[in-house]
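Note sheet for the following structure.
The values are calculated or read from the model by the stated rules, or taken from the named source; none is laboratory data. For clarity, every value in this text was computed on a predicted model and none was experimentally measured. Note: ideal-geometry Cβ built from the backbone for every residue, glycine included; neighbour counts use all protein chains shown. Note: areas computed on protein heavy atoms with side chains; ligands, DNA, RNA excluded. Shrake-Rupley method; radii C 1.70, N 1.55, O 1.52, S 1.80 Å.
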Amino acid sequence: MLDTTFNKQSCQERDSFLEQIMQLPVLDTHTHLVGERLCARNFWEIADYFWLNRELQTGGYPAKASELPEEERINAFLEAYHGTRNTLMNIVFTQMMQELFGVEITDAASIRRADALVQSACQTPSRAQDIADRLNVKRFVVNYAEHADFQGTRERAILMPRIDGKLGGWVNELVASAHPMKRLQELALVIEELLGGYQAQGCPGVMTTLPRYESSANRRVQLAPGCSKDDALMELLHAVGAAAEKHGLLVQFFLGVERSWCGEAFPANDPARVLKLTALFETYACPFELVVASELNNLDVVQAAWNFPNVSVGGMWWFNFRASTYRDSMQYRIEAISAMKSSLVVSDARCMEWSYGKIWVIKKLLGQFLWDQLAAGWIDRDVALQVAEDWLYRSSAKRYGLLSSNRTPQSAVAIIKKHSFG
């Protein structure tokens, strides 16, 4: 009887702890949300989301299913959906449809019912804010100014302009130039002016993806006619670092996705990827945030944050968004670096429904991970809640200029403890 009572109490405490994690505030640090159409307008805008779509294809879903007649498309979706119920995005999709629309996908009729509910829900002016409030998502980050005016929500999006399109063009200019060093000096002024303009707009920083590169930031070169793209890229990154330092901006690197080997984006594990950038972290006194899509670089970015005071670790991107990589990455982070140097949430969502779904699974994984740490005696409950709050919100909010450096007594942890168990 004693064992049964103890186990019941332990389960209640665990469930209460997990619910507290679900209530904590969130900052979604990378989305593709568009302010004028935040919510999905029909069922297929949810069902054809890239991450779920790829998993469905492993279950036989046609690559061009959207071109099929409606009845065939529905039947193909159902067959693939039921055949991939074990995959993470399928689980997230199932949770999303049940929680946001009250629909269990079982047959063609349920898909038509879901479609009608999605189309109806998106007409509600407060729908986007209602979805965000379910998981206490306070702010979202976008990369294009025209997307930042979030209609029907309490706050605009945070604008983190992406410069990879410009960066690629500048690389090509340097490679084609008869006087690349002179052109580099001119581009450095262009970059300085561009980042100064972003600072004036109130942007916290800039974001760029980077392809695989053979050059490294510790080897400065005098660019000559016909110079390599990699050498040109590294010299431009030095210019970006210098401009970011001058204007007090964050530089956010998204690493680990390759697009040049075939027609599909593919994850690329590169053991020297982060190492080749470390001279930037050492040289420029601006904050850097590292977001990776390649599993084997998860430890590398933690090592960079451990070694360099101005480096933080961002959320899990692209092919890194899996339960297994989240668990490993959280273990690396909790034992090596302050929770204020790490943020977890990169939804990459194109509609508010998928931001909800992916944040739901992040919070679920986080709660389970921290409960295991707590149960094993590595941390206590107060530390677990502090880590969760920092990873979900405070770390990125501080880097993006939303918070002061001080932890206030009315933090989410303090508020939740008033209503906690035990």
Which whole-Hz ³J(HN,Hα) couplings does the stretch 32-47 yield from phi under the Karplus relation 6.51 cos²θ - 1.76 cosθ + 1.60, θ = phi - 60°, glycine and proline marked x?
10, 5, 10, x, 8, 8, 6, 9, 4, 9, 7, 4, 6, 5, 8, 5
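Within the set LYS64/LYS364; LYS8/LYS138; LYS8/LYS358; LYS182/LYS246; LYS229/LYS398; LYS166/LYS341, which residue pairs have Cα atoms separated by over 23 Å? Mind dumping the intermediate values first?
Values: LYS64/LYS364 33 Å; LYS8/LYS138 34 Å; LYS8/LYS358 30 Å; LYS182/LYS246 21 Å; LYS229/LYS398 35 Å; LYS166/LYS341 28 Å.
Table pairs above 23 Å Cα-Cα are LYS64/LYS364; LYS8/LYS138; LYS8/LYS358; LYS229/LYS398; LYS166/LYS341.
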One would report the Cα pair-distance distribution of the stretch 246-402, bin width 5 Å, in %, as 2, 9, 18, 21, 21, 15, 9, 4, 1, 0
Tell me, what ³J(HN,Hα) does each residue in the stretch 234-241 have, in order and in whole Hz, if you take phi through Karplus 6.51 cos²θ - 1.76 cosθ + 1.60 with θ = phi - 60° and put x for Gly and Pro?
5, 5, 5, 5, 5, 5, 5, x
Hull volume per residue for the stretch 160-308, using the convex hull of the C-alpha atoms, in Å³ is 105 Å³
Of all accessible surface on the stretch 35-107 at a 1.4 Å probe, what whole percent is carbon and sulfur?
43 percent
Between GLN185, GLN20, GLN303, where does the largest GNM mean-square fluctuation fall for the chain, given springs only between Cα atoms within less than 10 Å?
GLN185
Once fully extended, how much extra length lies between TYR144 and GLN123, figured as 0.36 nm per residue of separation less the alpha-carbon to alpha-carbon distance?
5.1 nm
Residues whose placed amide H lies under 5 Å from that of LEU255, excluding near-sequence neighbours:
VAL291, VAL292, ALA293
Top of TYR326, TYR213, TYR356 by mean-square fluctuation, Gaussian network on the chain, Cα under 10 Å
TYR213
Across all Cα atoms of the chain, Rg and the largest Cα-Cα distance (Dmax), in Å, are 22.8, 85
Which of the peptides 240-251, 80-91 is most tightly packed, and how do the rest follow, judged by the mean count of other Cβ atoms within 10 Å per residue?
240-251, 80-91
Between GLN222 and LEU296, what is 0.36 nm times their sequence separation minus the Cα-Cα distance? Round to one decimal in nm.
23.4 nm
Scattering from the C-alpha atoms of the stretch 57-126 alone, worked out with Debye: what is log10 I(q)/I(0) at q = 0.14, 0.15, 0.18, 0.23 1/Å?
-0.46, -0.53, -0.75, -1.11
Kirkwood hydrodynamic radius (C-alpha pairs) into Stokes-Einstein, the stretch 310-378, 25 °C and 0.890 mPa s, D in µm²/s
192 µm²/s
Per DSSP, the loop-located GluC sites (Glu not before Pro) within the stretch 140-219 having at most 13 other beta carbons within 10 Å are GLU155, GLU214
Treating the stretch 105-202 as a set of equal point scatterers at the Cα positions, no solvent, please give the Debye-formula log₁₀ I(q)/I(0) at q = 0.25 Å⁻¹.
-1.22
Amide H to amide H under 5 Å from VAL311: which residues, 5+ apart in sequence or cross-chain, H placed 1.01 Å off N in plane?
PHE288
Taking every alpha carbon pair in the stretch 185-233 and sorting the distances into 10 angstrom bins from 0 up to the bin holding the longest one, the percent per bin comes out as 20, 39, 33, 8
Once each part is reduced to its C-alpha centroid, what is the distance from the stretch 230-254 to the stretch 277-354 in angstrom?
18 Å
Find the relative contact order for the stretch 62-160 and round it to a whole percent, using C-alpha pairs within less than 8 Å whose residues are 6+ positions apart.
16 percent
Find how much the distance from GLN57 to ARG37 grows on full extension, using 0.36 nm per residue of separation minus their present alpha carbon separation; answer in nm with one decimal.
4.5 nm
Using modelled backbone amide H atoms (1.01 Å from N, in-plane), which distant-in-sequence or interchain residues come within less than 5 Å of ARG162's amide H?
MET207
Can you list the HN-Hα couplings for the stretch 74-80, worked out from phi with the Karplus curve (6.51, -1.76, 1.60; θ = phi - 60°), rounded to whole Hz and with x for Gly and Pro?
4, 5, 5, 5, 4, 5, 5
Two-decimal Rg/Rh across the stretch 1-146, once Rg and the Kirkwood Rh are taken from alpha-carbon atoms
1.05
Calculate, for the chain, the solvent-accessible area per residue in square angstrom, rolling a 1.4 angstrom probe over the heavy atoms of the protein chains.
45 Å²
Have a look at the stretch 155-211 and give its Rg and Dmax from the Cα atoms, expressed in angstrom.
13.4, 48
Looking only at ILE379, ILE158, ILE46, which one moves most when the chain is put into a Gaussian network model with springs between Cα atoms under 10 Å?
ILE379
How long are the three semi-axes of the equivalent ellipsoid of the stretch 230-316, in whole Å, if each is the root of 5 times an eigenvalue of the C-alpha gyration tensor, listed from largest down?
22, 16, 11
